[in-house]
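Chemist: Pasting in a structure now, in structure tokens, and then I'll have a few things to ask.
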Amino acid sequence: MKRVVILLLYFGVLVNCQSKKDIAQNTQPNVIIILTDDQGYADVGFNGCKDIPTPNIDRIASQGVKFTNGYVSYAVCGPSRAGLITGRYQDRFGFGRNPLFAPNDPNQGLPLSEETLASALDKVGYQTMAIGKWHLGAHKSQRPLNRGFDEFFGFLTGGHQYFPHLWTLNDVSEVNSQYAAYNTKLLRNNSRIDEREYLTDALSREAVGFIERNSNKPFFLYLAYNAPHTPLQATKKYLDRFAHIEDEKRRTYAAMVSSVDDGVGLILNKLDELGIDENTMVFFLSDNGGPNKTNGSRNDPLKAGKGSLYEGGIRVPFAMCWPAMIDPNQKYDRPVISLDIFATVAAHSKATPINSLDGVNIIPYLAGQKTGYPHEHLFWRKFDSRSYAVRHRNLKLISLNGENEELYDLNQDVEESHHLTDLTQKQKLFESKENWDSEMIDPVFLGLMQNDEYTKLKPDRFNIEPY
Ligand code: CA
């Protein structure tokens, strides 16, 4: 009798798993990308962080998979986002610099030749919304509602003040310098609004509202928190949690990460409450490594941070869950990259991308259907500083500022502290990089590093129509 019960239970579980997967395979999954800004590799609980609890972000990893070798395609904000949202190396289309705030210039941002994930999903019936930091172009042609999003709530530039009393500019016509745009009122779609909440809380509230409004149809939410990017600003509610952290920078940073974590909790709880958690893919990652001196973040044990092609600049806290399709509590150690999100989502949403993608669908690797490496090579380059890196399995070749290549075995030496002298491997990796590089193009716009040069070339830069 006992054996029969066990068998029945066993088949019950099998049927249940099978039906979950069948449903997922035949139903377009909801998709949520939660992107943080300048959060360090070490600053999530699932990567071992002790002084900043992130129980809600950790739920994404425990309900699915944490990627210990999860990368972004660039070491600062703008190009990393361009890669993520197109699924393609951003140097393919000249997005090799951090764009300037230049609402009069249609070339400062994501070229119109590029299809965003939102556009691809919009065409197959998804309701789409971008929340938070855009940073892919402030010209009218490039704003979220013209790039595949049905709804937008947030701001256009590369950062923002967090407190409502600092949003003193009515619209972009009052912006007269690169960073003044941090002080504009927020946008809801194409209208400026009077928001009263701490920015991170407002973004979380909007995310929950969007999920509630769209629980009966497939949706795509791109939630790009600007926390914990500078300026370091947090409310008492969050600061009070970290009175024990002595370093003021780290304390405020911790409070900002904690505010994001609360938001992630609200989102996951809402999915549970609506009964749509099983067939919702949730991705969590940071757009680049932590700039530890600027915001108090940590990337240890990785070398360097934001802006660098050493691991600390490009390897980020990265996790995903999709309970209907992938098992919980997984740890995946092979390299994956933010470019894989587009390919993974496209493969399961019936979307047909216009452009060829550089990412791959990672679900078969996580579901045990495919072994091997999702990528034989991953590449990075920083055009202006003549720096590049290439990763092949456990090996990484890196060259900074046009100087000699350094070769590392990341399985043995994640800190990138011991050069290897294998000339054959160096040559092989260099050649693969050269092949890749030949497909890339030069930047098509001047960037943040050329701010003064750009302003001289475009004296009407801040002569902007109200918007
Ligand atoms: Ca960033």
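Chemist: Quick one: what are the phi-derived ³J(HN,Hα) couplings along segment 275-283, Karplus 6.51/-1.76/1.60 with θ = phi - 60°, whole Hz, x for glycine and proline?
Modeler: My calculation for segment 275-283 gives x, 10, 5, 4, 9, 10, 7, 10, 10 Hz in order.
Chemist: For segment 43-167, what value does the Rg/Rh ratio take when both radii are computed over Cα atoms and Rh is the Kirkwood radius, given to two decimals?
Modeler: 1.01
Chemist: What's the ranking of 133-145, 396-408, 178-190, 429-441 by average number of surrounding C-beta atoms within 10 Å, highest first?
Modeler: Going by the mean number of other Cβ atoms within 10 Å, highest first, we get 133-145, 178-190, 396-408, 429-441.
Chemist: Still on this structure: Calculate the FRET efficiency for SER113 and GLU431 from the Cβ-Cβ distance with a Förster distance of 41 Å, rounded to the nearest 0.05. Provide the component values of the computation, followed by the final result.
Modeler: On the way: r = 29 Å, r/R0 = 0.70.
Efficiency at R0 = 41 Å is approximately 0.90.
Chemist: Check HIS229: other-chain or 5+ apart residues with amide H under 5 Å from its amide H, H built from backbone geometry?
Modeler: Distant-sequence amide H within range of HIS229: ASP37.
Chemist: Round to a whole number: what % of the accessible area of the chain belongs to carbon and sulfur, probe 1.4 Å?
Modeler: Carbon and sulfur atoms account for 50 percent of the accessible area of the chain.
Chemist: Taking N as the number of residues in segment 100-185, what is its Cα Rg relative to 2.2 N^0.38 Å?
Modeler: Working: Rg = 13.5 Å, N = 86, 2.2 N^0.38 = 12.0 Å.
Relative to the rule-of-thumb radius for its length, segment 100-185 sits at 1.13.
Chemist: Can you give the FRET efficiency to the nearest 0.05 for SER191 and GLU453, using r as the Cβ-Cβ distance and R₀ = 41 Å?
Modeler: In this case the efficiency is close to 0.75.
Chemist: Do the alpha carbons of any pairs in LYS303/LYS370; LYS350/LYS370; LYS217/LYS331; LYS185/LYS458; LYS66/LYS350 sit beyond 28 Å of each other, and which pairs?
Modeler: In this structure, LYS303/LYS370; LYS217/LYS331 exceed 28 Å between Cα atoms.
Chemist: On to the next question. Apply the membrane-span-like helix rule to the chain: whole DSSP H runs, Cα extent along the own long axis of at least 15 Å, mean Kyte-Doolittle hydropathy at least -0.5. List the helices found.
Modeler: TM-like helix candidates: 2-26, 199-213, 248-274.
Chemist: Sticking with this structure for a sec: What ranking do 411-420, 305-314 get when scored by the average of other Cβ atoms within 10 Å per residue, highest first?
Modeler: Those peptides, ordered most packed to least, come out 305-314, 411-420.
Chemist: Gap in Å between the Cα centre of segment 50-93 and the Cα centre of segment 246-320?
Modeler: First find each Cα centre; the distance between them is then 9 Å.
Chemist: Nearest 500 deg cm²/dmol is fine: what mean residue ellipticity at 222 nm does the chain get from its DSSP H runs of n ≥ 4 alone, each adding -39,500 (n - 2.57), divided by its residue count? Mind dumping the intermediate values first?
Modeler: Numbers: 13 runs with 139 residues, N = 467.
Theoretical 222 nm ellipticity from helices: -9000 deg cm²/dmol.
Chemist: Using all C-alpha to C-alpha distances in the chain, build P(r) with 20 Å bins and read off the rounded percent in each one.
Modeler: Once binned at 20 Å, the Cα pair distances of the chain give 25, 58, 16, 1, 0.
Chemist: Placing unit charges on C-beta atoms (Lys and Arg positive, Asp and Glu negative, everything else neutral), compute the dipole magnitude of the chain about its Cα centre in debye, rounded to 20.
Modeler: Dipole of the chain, to the nearest 20 debye: 760 debye.
Chemist: Here is a further query. Residues of the chain: accessible area per residue at 1.4 Å, in Å²?
Modeler: Value for the chain: 40 Å² per residue.
Chemist: Follow-up. If you look at just the Cα atoms of segment 42-105, how large are its Rg and its Dmax in Å?
Modeler: Cα radius of gyration and Dmax of segment 42-105 are 15.9, 46 Å respectively.
Chemist: So how do 29-35, 197-203 stack up, highest first, on mean other-Cβ count within 10 Å?
Modeler: Output ranking for 29-35, 197-203: 29-35, 197-203.
Chemist: So what's segment 181-222 giving for Cα Rg divided by 2.2 N^0.38 Å, two decimals?
Modeler: Numbers: Rg = 12.1 Å, N = 42, 2.2 N^0.38 = 9.1 Å.
Normalised Rg, Cα atoms only: 1.33.
Chemist: Can you list the equivalent-ellipsoid semi-axes of segment 385-442, largest first and in whole Å, using the square root of 5 times each Cα gyration tensor eigenvalue?
Modeler: 20, 12, 10
Chemist: Right, next: When a/c is below 1.5 the answer is rounded, else prolate if a/b is larger than b/c, else oblate, so apply that to segment 255-378 with a ≥ b ≥ c taken from the square roots of the Cα gyration tensor eigenvalues.
Modeler: Note, shape of segment 255-378 comes out oblate.
Chemist: Counting DSSP beta bridges with both partners in the chain, what percentage is antiparallel, nearest 5?
Modeler: Values: 28 of 57 bridges.
That works out to approximately 50 percent antiparallel.
The values are calculated or read from the model by the stated rules, or taken from the named source; none is laboratory data. Please read all numbers here as calculations on a predicted model, not as lab measurements. Every residue, glycine as well, gets a Cβ built from its backbone with ideal geometry; the counts of neighbours run over all protein chains shown. Ligands, DNA and RNA are stripped out before the accessible areas are found, and what is left, the full protein with its side chains, is counted by its heavy atoms. Shrake-Rupley method; radii C 1.70, N 1.55, O 1.52, S 1.80 Å.
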